[in-house]
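For reference, the structure discussed in these notes is given below.
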């Protein structure tokens, strides 16, 4: 994913030209994820601008020092040769471009944090290893931000990820999604928290996790292996059910399993899986589907879907039109 740092920098400094502004606006409108990235960079800009120093050190020397100090993750692409993982030291990158001091990074104390953000574009999945050796599988259309603090490892997640956490009793591992924090005690688990979904689900494979209300610190529930918690975002009501985590995490093996989902839920999953936009037409009922997708293309899947429910479809690049008969 190409991020137009120069145009963003010019906009934040109030020095953007008309042509640059048009390019930036086009990029923002191209994908909802772009706007989320922009807001993250804007937040970093405001923080850095408030820094007490404003002298710009030599950029090349600064970057060399940052590279030595920051523990970047290692990343491997999964399932598709076109996967793009964008890992960015956001504060470092935007500071270099905007021409403000990086002394807070170069001479940071042990109480300051470092950060990177990883994106898995729609239709693609990514695996990465965090600086603490924990492994993460990031599902399509997901964003993960990692913060390293002296006494905890903090993850912010939008989307879905499977975690295999390196145990460290002296450094908590916490995953935040919406109003929920998952406090981890050395374990492996799946979190699904897409912005468009009404429910956050957490499935535990092994170990122990606690689900916490971020606003007041109250523990909602604890999970044991092969349990799943479903938390409603609107009111934080939850239920705990038995779960086969091997099935839940099939997506990490490039297998999409849908069980008794209605047509609208199916469409959301297919859009993420294939990286397309789907328009439904002539939906007079809400048929439910159960199926598994492995290596099938979008066209092959739609042919199979036609056997379950009569449909006609049209594929135009990333735009897919499905009409129920």
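The values are calculated or read from the model by the stated rules, or taken from the named source; none is laboratory data. As the structure is a prediction and not an experimental result, all values here were calculated from the model. With ideal geometry, Cβ positions are generated from the backbone for all residues, glycine too; neighbour counts draw on all protein chains shown.
Scanning the stretch 128-144 for residues that are touching a helix residue (DSSP H, G or I) at 6+ places or on another chain (Cβ under 8 Å) and either in a strand (DSSP E or B) or under 16 Å from residue 184 (Cβ atoms) (or both) gives 137, 143. Scanning the stretch 193-203 for residues that are modelled with pLDDT of 95 or more and either buried (at least 22 other Cβ atoms within 10 Å of the Cβ) or over 28 Å from residue 273 (Cα atoms) (or both) yields 200, 202, 203.
On inspection, residue 157 fails the criterion of being at pLDDT 90 or above and within 20 Å of residue 257 (Cβ to Cβ). Cβ-Cβ contacts under 6 Å between residues 6 or more apart (or on different chains), taken from a first residue in the stretch 136-161 that is on the phi > 0 side of the Ramachandran plot and in contact (Cβ under 8 Å) with a residue 40 or more places away in the chain to a second residue that is surrounded by 22 or more Cβ atoms within 10 Å (Cβ to Cβ) and in a strand (DSSP E or B), are listed as 141/159. Looking only at residues in the stretch 286-308 that are outside any helix (DSSP H, G or I), touching a residue at least 24 places away in the same chain (Cβ under 8 Å) and over 24 Å from the mean Cα position of the chain (by Cα), the one that is nearest to residue 140 (Cα to Cα) is 291. Scanning the stretch 113-122 for residues that are more than 10 Å from the chain's Cα centre (by Cα) and either modelled with pLDDT of 85 or more or in a strand (DSSP E or B) (or both) returns 114, 115, 116. The residues of the stretch 259-285 that are under 15 Å from residue 321 (Cβ atoms) and assigned to a loop (DSSP other than H, G, I, E, B), listed by number, are 276, 282, 283. Here residue 250 fulfils each of the conditions (1) without any contact (Cβ under 8 Å) to a residue 60 or more places away in the chain; (2) surrounded by 15 or more Cβ atoms within 10 Å (Cβ to Cβ); (3) within 22 Å of residue 318 (Cβ to Cβ) apart from (3). Looking only at the stretch 310-321, which residues are outside any strand (DSSP E or B) and either closer than 15 Å to residue 258 by Cα or touching a residue at least 40 places away in the same chain (Cβ under 8 Å) (or both)? 318 - this is the single residue of the stretch 310-321 that is outside any strand (DSSP E or B) and either closer than 15 Å to residue 258 by Cα or touching a residue at least 40 places away in the same chain (Cβ under 8 Å) (or both). Residue 228 meets each of the listed conditions (1) at pLDDT 95 or above; (2) in contact with a helix residue (DSSP H, G or I) (Cβ under 6 Å, 6 or more places away or on another chain) apart from (2).
Of everything in the stretch 257-298 that is at positive phi and in contact with a strand residue (DSSP E or B) (Cβ under 8 Å, 6 or more places away or on another chain), the residue that is surrounded by the fewest Cβ atoms within 10 Å (Cβ to Cβ) is 260. Identify, please: which residue in the stretch 174-206 is touching a residue at least 40 places away in the same chain (Cβ under 8 Å) and out of contact with any helix residue (DSSP H, G or I) (no Cβ under 9 Å at 6 or more places or on another chain) and is, among those, farthest from residue 236 (Cα to Cα)? Looking at residues that are touching a residue at least 40 places away in the same chain (Cβ under 8 Å) and out of contact with any helix residue (DSSP H, G or I) (no Cβ under 9 Å at 6 or more places or on another chain), I get 178.
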